[in-house]
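Here is the structure we will look at.
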Amino acid sequence: MEKKLNKNICCIGAGYVGGPTMSVIAFNCPDWQINVVDINADRIRSWNSKDLTKLPIFEPGLDKIVKKCRDVNLFFSTKIEENIAKADIIFLSVNTPTKKRGIGAGYASDLKWIESSARQIAKFSEGHTIVVEKSTLPVKTAETIKTILHSFEQDDFISLGKKKKTFSIVSNPEFLAEGTAINDLLNPDRVLIGGEDEHSIKLVADIYKTWVSPKKIISTNLWSSELSKLVANAFLAQRLSSINSISALCEFTGANINEVSGAIGADTRIGQKFLKPGPGFGGSCFKKDILNLVYLCRFYGLNEVADYWEQVVNINLWQQNRISSLIIKNLFGTLSNKSLAIYGFAFKANTNDTRESPSINISKNLLQEGAKLTFFDPKVNETQILNEFNEFLYEGNIKVKDTALDAAKGTDAIIVLTEWEEFKYLDWHSIFKIMRKPAWVFDSRICLDQKHLKNIGFKVWTLGTTD
Ligand code: NAD
Ligand code: UGA
């Protein structure tokens, strides 16, 4: 522990987690200097953009915090090596997507970005450094990180004759949800810190204690912390697959899924949250984290446990495919020579993130049936949308418009796939007038006023009802 505490944090990875999390730490801990580094120079340029609407991530409230802290005690840069060297604490917030090939392909996490960051830390750090796992990682990843770091402790000590490097590993998974990230970070339900040495746990806890009640700070061993993050996401996603499976049953029985959801959620043991039915969960993490859990279970021979959790992902895909099939069925069984407007491409409202968005799979199913699609999303740009459909693009079959009204022109149906608040308040009369008749609205988020739409003349399908 030779390094005098400089109160210096380096965060590797300026993405959806690194950017907002470090902004909130900088906001609450003015005596700490925070350097957020990334290999992606474009992303760093956007973080440093004078125009705060150009930040790489859209999150309500983020721009105000960045405005206050940036270039005061919060810095975004590509200077990875020098910021590692200065840091007392390094947060690893790099991406951990599902492996695409090799052992565990389609299930296990690809840890190549974690490994390369660990190697950089090992090489460039000085004195004692606390390495914090902020990314979501499979249980026992800390073992891999330790092995890499400790091998450099030896190298450096023996061969270079420099100040001895030492490391502590702490797991501090992030529970923020996109769209509410700033509020989640400012008012977390809990902060989880897993580790092996009390000193490092305390140092990380002290940072959070500047704005989080000590009662909400939970400390565990490393492995419980790593596993709890995967399990938290698996439980949340399980609720969604459960309610979505029941939405299908409602459509046959005359029950209404919102009423069922309200009735079961009134039981305090079940609770109201995370019971909103929809077109299936999206986002970069639920699917990847459950598949990672499935992989771990199979690795340890727990095949029944693996099958149980995999079904949560299977039902999610089934819900998306079910919605595409219903649209096709209602539009007389064919989509050739039909144009459909897709309202919403983000995986949920209040974010510009489209990773694993249900809109992607549902749109692909519709394109496969020969539909022409026109997209509108208030926060997702044309390039982001077109990038998802490279293999489907041909003359004029996919368009992206700047307004909901433009997107509706000449279409046979509007498919609402993201619950943007503004969709409720659109001028549905004008939209109806410019559509081909019969004009349909498919509301997969149960966010529109069905009666109002029917009065205008629309044919309406709403998830989880027979109305
Ligand atoms: P992201 O892809 O938005 O950001 C990761 C960033 O890391 C990228 O900008 C990438 O360029 C950078 N990076 C990769 N390797 C690097 C290296 N060696 N040096 C410097 N930069 C490097 O990912 P994200 O959504 O922020 O997720 C990060 C982690 O946090 C994942 O493990 C994810 O599961 C977890 N997580 C995400 C969320 C969320 O809401 N997105 C919430 C909780 C946890
Ligand atoms: C989720 C978790 O909520 C976070 O705690 C976690 O940190 C994060 O994953 C992560 O590890 O990445 P996020 O994916 O950003 O956060 O957003 P959620 O609000 O969880 O929504 C996920 C998906 O479920 C979205 O497609 C959303 O529309 C859908 N959803 C959510 C519903 O369909 N119904 C609901 O009631 C809630």
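Once you list every other residue whose beta carbon is under 9 Å from the beta carbon of residue 194, what net charge do they have if Lys and Arg are +1 and Asp and Glu are -1? Intermediate values should be presented prior to the final figure.
Values: positive: none; negative: 133, 196, 226.
Once all neighbours under 9 Å are counted, the net charge is -3.
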Item to complete: Give me the angle, in degrees from 0 to 90, between the Cα long axis of helix 112-124 and the longest principal axis of the Cα atoms of the chain, rounded to the nearest 10.
Response: 30 degrees
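How big is the charge dipole of region 222-467 about its Cα centre, in debye rounded to the nearest 20, if each Lys and Arg gets +1 on its Cβ and each Asp and Glu gets -1 on its Cβ?
Working: 27 positive and 26 negative charges, 85 e Å.
Roughly 400 debye for region 222-467.
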Discussion item. Relative contact order for region 222-467: what percent, with Cα pairs under 8 Å and sequence separation of 6 or more?
Written reply: 21 percent
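Net charge within 13 Å of residue 440 by Cβ-Cβ distance, Lys/Arg positive one each and Asp/Glu negative one each, not counting residue 440 itself?
+4
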Practice prompt. Quick one: grab the alpha carbon gyration tensor of the chain, order the square roots of its eigenvalues as a ≥ b ≥ c, and give me rounded if a/c is under 1.5, else prolate or oblate depending on whether a/b is larger than b/c.
Written response: prolate
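Show me the chymotrypsin sites (Phe, Trp or Tyr not before Pro) within region 94-152 that DSSP assigns to loop and that have at most 16 other Cβ atoms within 10 Å of their Cβ.
Working: sites: 107, 113, 124, 152; in loops: 107.
For chymotrypsin sites (Phe, Trp or Tyr not before Pro) across region 94-152 that sit outside H, G, I, E and B with at most 16 neighbouring Cβ atoms in 10 Å, the list is empty.
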Discussion item. If I fit a long axis through the Cα atoms of helix 222-253 and take the longest principal axis of the Cα atoms of the chain, what angle between them do I get, 0 to 90°, rounded to 10?
Written reply: 10 degrees
Worksheet entry | Residue order, fewest to most beta carbons within 10 Å, for 419, 115 | 115, 419
Worksheet item: So which trypsin sites (Lys or Arg not before Pro) in region 260-317 end up in coil per DSSP with only 15 or fewer other C-beta atoms within 10 Å?
Response: 269, 273
Worksheet item: Could you give the angle, 0 to 90 degrees to the nearest 10, between helix 303-330's Cα long axis and the longest principal axis of the Cα atoms of the chain?
Response: 30 degrees
Discussion item. Please list, in order along region 73-89, the HN-Hα scalar couplings obtained from phi with the Karplus expression 6.51 cos²θ - 1.76 cosθ + 1.60 (θ = phi - 60°), rounded to whole Hz, x for Gly and Pro.
Written reply: 10, 10, 10, 10, 7, 9, 7, 6, 4, 5, 6, 5, 4, 6, 7, 7, 10
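Over the chain, what is the relative contact order in whole percent, taking alpha-carbon pairs under 8 Å and six or more residues apart? Each step should come with its number before you reach the end.
Numbers: 885 pairs, mean separation 55.4, N = 467.
The normalised contact order for the chain reaches 12 percent.
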Fill in: Nonlocal amide H pairs with residue 411, under 5 Å, H built at 1.01 Å
436
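In what order do 285, 69 fall by count of nearby beta-carbon atoms within 10 Å, going from fewest to most? Each step should come with its number before you reach the end.
On the way: 285 25, 69 21.
In increasing order of surrounding Cβ atoms, one gets 69, 285.
Taking a ≥ b ≥ c as the square roots of the Cα gyration tensor eigenvalues, with a/c under 1.5 meaning rounded and otherwise prolate when a/b beats b/c, else oblate, which class fits region 8-220?
Numbers: a/c = 1.36, a/b = 1.32, b/c = 1.03.
Here region 8-220 falls in the rounded category.
Take peptides 383-389, 319-325, 198-204 and line them up by average Cβ neighbours within 10 Å, highest first, as a rough protection proxy. Could the numbers behind the result be given before it?
On the way: 383-389: 15.1, 319-325: 20.7, 198-204: 16.7.
The most tightly packed comes first, giving 319-325, 198-204, 383-389.
Under the rule of -39500 (n - 2.57) per DSSP H run of 4 or more residues, summed and divided by the residues of the chain, what mean residue ellipticity at 222 nm is obtained, to the nearest 500 deg cm²/dmol?
So the calculated ellipticity at 222 nm is -13000 deg cm²/dmol.
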Worksheet item: Taking +1 at the Cβ of each Lys and Arg and -1 at the Cβ of each Asp and Glu, which of 396, 208, 350 sits farthest along the dipole of the chain towards its positive end, judged by Cα position relative to the Cα centre?
Response: 396
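Every number here is computed from the coordinates shown, using simple stated rules; none is lab data. Because the structure is predicted, anything quoted here is derived from the model rather than measured. Positions of Cβ are backbone-derived with ideal geometry, glycine not excepted, and every protein chain shown enters the neighbour counts.
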